[in-house]
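So the structure is just underneath, and the comments pick up after that.
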Amino acid sequence: MSFFRLSFSMKLEISGQRELSGEIRISGAKNSALPAMAASLLTDELLLENIPMVEDIRSMALLIEGLGGRIKIQKKKNKIKINNNNLKTVEAPYEYVKKMRASILVLGPLLTRFGEARVAYPGGCKIGARPVDLHIENLKRMGAEIRVEHGTIIAKAKDGLKGSRLSFEKVSVTGTENIMMAAVLAEGETIIENAAKEPEVTDLANLLIKMGAKIEGAGTDLIKIKGVKELHPVEYSIIPDRIETGTYLIIGSLIGKELHLYNTIPEHVRSIVLKLNEAGIFLEEGKDSFTVKRAKKILPVDIETQPFPGFPTDMQAQFMVLLTQAEGRSIIRDTIFPGRFHHVDELLRLGANIKKLGNGEVSVMGKTELSGAEVLATDLRASASLVIAALIANGKTIIHDIFHLERGYERLSEKIKKVGGKIKKIK
Ligand code: UD1
């Protein structure tokens, strides 16, 4: 496997208030690519296309290599070939899992294919408590014996998993994906109630169907899966990243002379577009593209994050920056991760007027002029919000610890530079 360059000690220097104009190609969705890579464990070989070459993909690749998989990355072509015909262990150690919670996605595939899996229990996370109890509870209902010992989830299903009627008490994206992958090779029919409807869940279902799985209802809250004996190798292209699209839509609304985003799926960002419209920002929409320009006046709007098709929690931080430029007071409520507000303190350093109200709510008072400063990237989407703030701030901003950004945004600085931004990585 070829390695990407890590940016642990790297910083990003951005000079703000430069109008952006030109084209940006949206990359493949990280949150689709990760479960797709985990799904490779259900068969011998998978060729995945439109994979964003970001740090989380590298972590998942290392994890699969740790299990004995062989990985070939064609970085420039955004392709990954995974061969799992000779795995040597079913244990995903903490070393990999700690880097990325989505590692839990290998639990369902390993357990259903090999009757056994050991995955380190995912640790805490900057955006708040993120348990995996619902993944475990539903796998148990499918007949797995699961215990947590010395920080490791030890799962066994000697005679294979059994199809069952399951339900998620809370909508969970990776939970739904894990169970769907477990159910495709289980005996009999599995019904998942209150399933996540995110486009990434549907993308995974489409991949699994191409591999030979029998799945109905993905994209609705009731998914039915009939287990099959085995799946076969395929080639599959991942959907575009809706969060990356949303991030550049906000950048364009704030500082775009004319920004054209292509290779996207407008339907996947509908909730974001509707909120932009409510804020007085109108976009030109094509079949797979958007053109966006700086808004003359931004109106305050209230945001509440919800599972898809609601407003995504992964866009909350970026939208907050937009609302610092709205004329009046907006309220943002994150119902999915009520503690996901680490970016607030950093945005305050840049001059924003934001108050934490408790209970997962903040109020944003606009319009405030932002001025460049040194800030710290704390998690992936928080980092994106700092980039947006830096692009509109007066003067220079230095963002520390940009490895968070590189977990999920492919070639962000190159993309922004290409459309006229002044942005560079420094040591
Ligand atoms: C996925 C996304 C992440 C996004 C999140 C919510 C991936 C790789 N990551 O994360 O970018 O922010 O969806 O859209 O796709 N919960 C439980 N018990 C569980 C599982 C979840 O209580 O077993 C809770 C969580 O704490 C949270 C809510 O359910 O409050 C939703 O979380 P979930 O959808 O599971 O998030 P992830 O799948 O981890």
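Report whether or not ILE209 is in a helix (DSSP H, G or I) and open to solvent by 60 Å² or more (accessible area, probe 1.4 Å). Judged against the criteria, ILE209 is a match. Residues in the stretch 13-29 that are open to solvent by less than 20 Å² (accessible area, probe 1.4 Å) and more than 30 Å from LEU204 (Cβ to Cβ): ILE14, GLY16, LEU20. Each residue in the stretch 129-143 was checked for being buried (at least 17 other Cβ atoms within 10 Å of the Cβ), among the aliphatic types (A, V, I, L, M) and within 13 Å of the ligand (Cβ to nearest atom), and 4 of them qualify.
For the stretch 304-326, the set of residues classified as more than 10 Å from the ligand (Cβ to nearest atom) and either open to solvent by less than 40 Å² (accessible area, probe 1.4 Å) or closer than 13 Å to GLY360 by Cα (or both) consists of GLU304, PHE311, ALA317, GLN318, PHE319, MET320, VAL321, LEU322, LEU323, THR324, GLN325, ALA326, listed by residue number.
Looking across the stretch 327-360, the residues that are in contact with a Phe, Trp or Tyr (Cβ under 9 Å, 6 or more places away or on another chain), closer than 27 Å to PRO131 by Cα and open to solvent by less than 70 Å² (accessible area, probe 1.4 Å) come down to ILE332, ASP334, GLY360.
Under the condition of being without any contact (Cβ under 8 Å) to a residue 12 or more places away in the chain and either outside the structural domain of LYS229 (by TED's automatic domain parsing) or within 16 Å of the ligand (Cβ to nearest atom) (or both), the residues counted in the stretch 144-200 number 1.
Here ASP56 meets the list (1) at pLDDT below 95; (2) open to solvent by 10 Å² or more (accessible area, probe 1.4 Å); (3) not hydroxyl-bearing (Ser, Thr, Tyr) almost entirely, failing just condition (2). Which one is most open to solvent (accessible area, probe 1.4 Å), of the residues in the stretch 212-231 that are out of contact with any helix residue (DSSP H, G or I) (no Cβ under 9 Å at 6 or more places or on another chain) and in a loop (DSSP other than H, G, I, E, B)? Among them, the one singled out is LYS229.
ILE265 fulfils the conditions (1) within 16 Å of the ligand (Cβ to nearest atom); (2) open to solvent by 50 Å² or more (accessible area, probe 1.4 Å) except for a single criterion, (1).
From the list ILE215, ILE243, ILE251, the lone residue that is under 25 Å from ARG113 (Cα atoms) and modelled with pLDDT of 95 or more is ILE215. Just one of the listed residues (SER27, SER103) is within 16 Å of the ligand (Cβ to nearest atom) and closer than 29 Å to VAL292 by Cβ, namely SER27. Can you name every residue in the stretch 382-407 that is part of a loop (DSSP other than H, G, I, E, B) and modelled with pLDDT under 95? Result: ASP401, ILE402, ARG407.
The values are calculated or read from the model by the stated rules, or taken from the named source; none is laboratory data. None of these values were measured; they are calculated from a predicted model. Cβ coordinates were reconstructed from backbone atoms using ideal geometry, including for glycine residues, and neighbour counts include every protein chain displayed. Protein only, heavy atoms only, side chains kept; ligands, DNA and RNA dropped before computing areas. Shrake-Rupley method; radii C 1.70, N 1.55, O 1.52, S 1.80 Å.
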